[in-house]
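The values are calculated or read from the model by the stated rules, or taken from the named source; none is laboratory data. These figures come from a predicted structure and were not determined experimentally. Here the Cβ positions follow ideal geometry from the backbone for every residue, glycine too, while neighbour counts run over all protein chains shown.
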Amino acid sequence: MLSCRRPSGRPFAARFFPLLPVLLLLLLLLLATAAGSVSGGSGVLYTPVDGVTPLDFRQLRAAVYDPGRQRHWLLQVYHASCGHCIAYSGAFKKLASELWPWRYTLRIGVIDVAKQRNARAMRHFGLSGVPSLLYVAPNCSWASGFSAALPRDTSELPERLLDLMEPFVPQLRPLQPGETADCDFILEEPRPGVLSRGLILEALHVRSLRWRASVDSAPAVRLSRVAADGSSAPAGSASDAASLRRLIGLKQPTRPTPTGDTAPSSPKAPRPPTRADLKSALIRALVSDVALAGPGRPRVWRAARDVARLAAPLLPAAGRLAAAMPESLPAALAGEASAAIWQHLLAESGFPEKPPDNWVACAGSRPYFRGYPCGLWQLFHSLTALRLKTGDAVAQPVAPVMRAFIVNCFSCSHCGRNFARELADLPAEPMPARQELLWLWRLHNRVNHRLAGRPSEDPQHPKVQFPPAALCPRCGDSEDAVVEFLTRWYSAAI
């Protein structure tokens, strides 16, 4: 049987780090009730009408891990502002609708870690990125976390889930040649028997069904009615679930209708960055993403420190945080206490407990469009413009810091991997400020071209090449004009 697994005056730094042993003991006591550092309000991707159960972390234990339960759970951990999570939501809603007939045995839950109260789900399950799919068997305890991590390919999930549930649902086991069964109908289908096993789950509460693996490769499922004396007689065949339900006498399920996006589609003109958006993106990056990625990981620690140091001119709290962070990760920050100690560092430096979620130039037509990803792009663009205005000898290169943060800390792991592939042309040596400004501009346009038309695109803010001719008529044939425009556009909020 499947077993569960566990997922795995003086400067502030001078005042704080000598006290870490004492603080560690205190913070360990607080961990049980710490709510995490991730802000909510990033928009709702799923509702119960989609055939899923939205869960909060504080509800999770009672809802999913009740010792007397018989249900299995498929959980998706996602982040509402993650572009790939938005793109994936359509396929996942379709899957939830397809699996709706299994609801008496399998429940589907979703947890949005963009909400502050749900941040601890990442640490509880030992996850480093989203979206993540987890299977929780009936014998899985709260301490064990989950039974199996699942692939995101929704075409593979029904078969995989049936395989995982089979040890707990004896009716899913195929009958052996010559074996008889006390049941109403026997379905014969080639392995893996997804259609037959799915109908068995659907009918558990009203019909007794079993299945046998047929030796031929005919796609149709053959149905036999079993009499009281154990004899069987053909009862028809079909290759689709609806026809088989009619033969068996099952009602057709009333499936939930997945919610769609009815966002208005008339495009809006681009707006230059605002200082409020840059600050919101920076605060969310350090308060939210770093907490989710795990500040106790050396690469995350270094990336967070470098972002804070780079963005210090925008936010004094970032400068204080950078000054408080030693070059090497303190030993006391490793492990379970790291998130709580990170929160303490942020609070001492002047960061809010909850990142702001009101966007100006980065506002989307829906709460889950644009927002933080837009603000993060604008933050790094603005820092390249600031570097060009300040001079190479003074300002720190932006590209290496941006790469380290996106790859190691960005809450959408799929986006981070795609971004890493886009950085194949990043020179090993730091670029001059002008070259770096143009490099990031070209990179962003390349990403926009790749993502145009995807579900994560806001119809009011289409992903087109920037700047459009209406904003910069000379940018189409003059690199100097591009540099002049980008410097003016992105430094307006600095």
> Got a number for residues in the stretch 292-344 being of a type outside the set (A, V, I, L, M, F, W, C), at pLDDT below 85 and part of a helix (DSSP H, G or I)?
Replying inline: 1
>> For the list (1) buried (at least 24 other Cβ atoms within 10 Å of the Cβ); (2) not basic (Lys, Arg); (3) not in a helix (DSSP H, G or I), I need the number of the one condition that residue 384 fails.
In response: (3)
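Does the stretch 448-465 contain at least one residue that is surrounded by fewer than 18 Cβ atoms within 10 Å (Cβ to Cβ), more than 23 Å from residue 87 (Cβ to Cβ) and at pLDDT 85 or above?
Start the filter on the stretch 448-465 by keeping residues that are surrounded by fewer than 18 Cβ atoms within 10 Å (Cβ to Cβ), which leaves 448-455, 459-460, 462, 464-465.
Those still in the list that are more than 23 Å from residue 87 (Cβ to Cβ) too: none.
No - not one qualifying residue is present in the stretch 448-465.
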>> Going by what's in this entry, would residue 236 be described as outside the structural domain of residue 44 (by TED's automatic domain parsing), at pLDDT below 85 and of a type outside the set (Ser, Thr, Tyr)?
In response: no
>> Cβ-Cβ under 9 Å, sequence separation 6+ or interchain: first residue in the stretch 157-168 and closer than 12 Å to residue 192 by Cα, partner acidic (Asp, Glu) and at pLDDT below 95. Which pairs?
In response: 158/98
>> Cβ-Cβ distance below 8 Å, separation of 6 or more or different chains: which pairs start in the stretch 430-443 with a residue that is crowded, with 20+ Cβ neighbours inside 10 Å and end on one that is outside any helix (DSSP H, G or I) and β-branched (Val, Ile, Thr)?
In response: 436/398; 440/398
>> Here are the criteria: (1) assigned by TED's automatic domain parsing to the domain that holds residue 412; (2) surrounded by fewer than 19 Cβ atoms within 10 Å (Cβ to Cβ). Tell me which single one residue 267 does not satisfy.
In response: (1)
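In contact with a Pro (Cβ under 7 Å, 6 or more places away or on another chain) and not hydroxyl-bearing (Ser, Thr, Tyr): which single residue out of 76, 116, 176 fits that description?
Numbers: 116 fails: in contact with a Pro (Cβ under 7 Å, 6 or more places away or on another chain); 176 fails: in contact with a Pro (Cβ under 7 Å, 6 or more places away or on another chain).
Answer to the selection: 76.
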> Has the stretch 79-94 got any residue that is touching a Pro at 6+ places or on another chain (Cβ under 6 Å) and either aromatic (Phe, Trp, Tyr) or assigned by TED's automatic domain parsing to the domain that holds residue 459 (or both)?
Replying inline: yes
> If you check residue 437 against the conditions, is it assigned to a helix (DSSP H, G or I) and closer than 27 Å to residue 129 by Cβ?
Replying inline: no
> With respect to residue 222, is the statement that it is modelled with pLDDT of 90 or more, in a strand (DSSP E or B) and surrounded by 13 or more Cβ atoms within 10 Å (Cβ to Cβ) true?
Replying inline: yes
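Mind listing whichever residues of the stretch 89-103 are among the hydroxyl-bearing types (Ser, Thr, Tyr) and surrounded by fewer than 23 Cβ atoms within 10 Å (Cβ to Cβ)? Let's see the steps before the verdict.
Filtering the stretch 89-103 down to residues among the hydroxyl-bearing types (Ser, Thr, Tyr) leaves 89, 97.
Matches in the stretch 89-103: 97 only.
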>> Just to verify a result, which residue in the stretch 225-250, among those that are among the small types (Gly, Ala, Ser) and in a loop (DSSP other than H, G, I, E, B), is surrounded by the fewest Cβ atoms within 10 Å (Cβ to Cβ)?
In response: 228
>> Among the residues in the stretch 146-164, are any surrounded by fewer than 20 Cβ atoms within 10 Å (Cβ to Cβ), on the phi < 0 side of the Ramachandran plot and β-branched (Val, Ile, Thr)?
In response: yes
> Based on what the data block shows, is residue 350 surrounded by fewer than 16 Cβ atoms within 10 Å (Cβ to Cβ), modelled with pLDDT of 85 or more and at positive phi?
Replying inline: yes
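Could you please let me know if residue 247 is in contact with a strand residue (DSSP E or B) (Cβ under 8 Å, 6 or more places away or on another chain), farther than 28 Å from residue 461 by Cβ and modelled with pLDDT of 90 or more?
It is true that residue 247 is in contact with a strand residue (DSSP E or B) (Cβ under 8 Å, 6 or more places away or on another chain), farther than 28 Å from residue 461 by Cβ and modelled with pLDDT of 90 or more.
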> How many of the residues making up the stretch 277-316 are surrounded by fewer than 21 Cβ atoms within 10 Å (Cβ to Cβ) and of a type in the set (A, V, I, L, M, F, W, C)?
Replying inline: 3
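From the residues in the stretch 467-490 that are in a loop (DSSP other than H, G, I, E, B) and either in contact with a strand residue (DSSP E or B) (Cβ under 6 Å, 6 or more places away or on another chain) or of a type in the set (A, V, I, L, M, F, W, C) (or both), which one is surrounded by the most Cβ atoms within 10 Å (Cβ to Cβ)?
472
Within the bounds of the stretch 423-430, is there any residue that is part of a helix (DSSP H, G or I), modelled with pLDDT of 90 or more and farther than 25 Å from residue 314 by Cα? I'd like the intermediate steps shown before the answer.
Filtering the stretch 423-430 down to residues part of a helix (DSSP H, G or I) leaves 423-425.
From the residues that got through so far, the ones that are modelled with pLDDT of 90 or more too are none.
No, the stretch 423-430 contains no residue that is part of a helix (DSSP H, G or I), modelled with pLDDT of 90 or more and farther than 25 Å from residue 314 by Cα.
Scan the stretch 40-56 and tell me whether some residue there is of a type in the set (S, T, N, Q), modelled with pLDDT of 85 or more and farther than 22 Å from residue 160 by Cβ. Explain how you work it out, then say what you get.
First, pick out the residues of the stretch 40-56 that are of a type in the set (S, T, N, Q): 42, 47, 53.
Adding the requirement that they be modelled with pLDDT of 85 or more leaves 47, 53.
Filter once more, keeping what is farther than 22 Å from residue 160 by Cβ: 47.
Scanning the stretch 40-56, I find at least one residue that is of a type in the set (S, T, N, Q), modelled with pLDDT of 85 or more and farther than 22 Å from residue 160 by Cβ, so the answer is yes.
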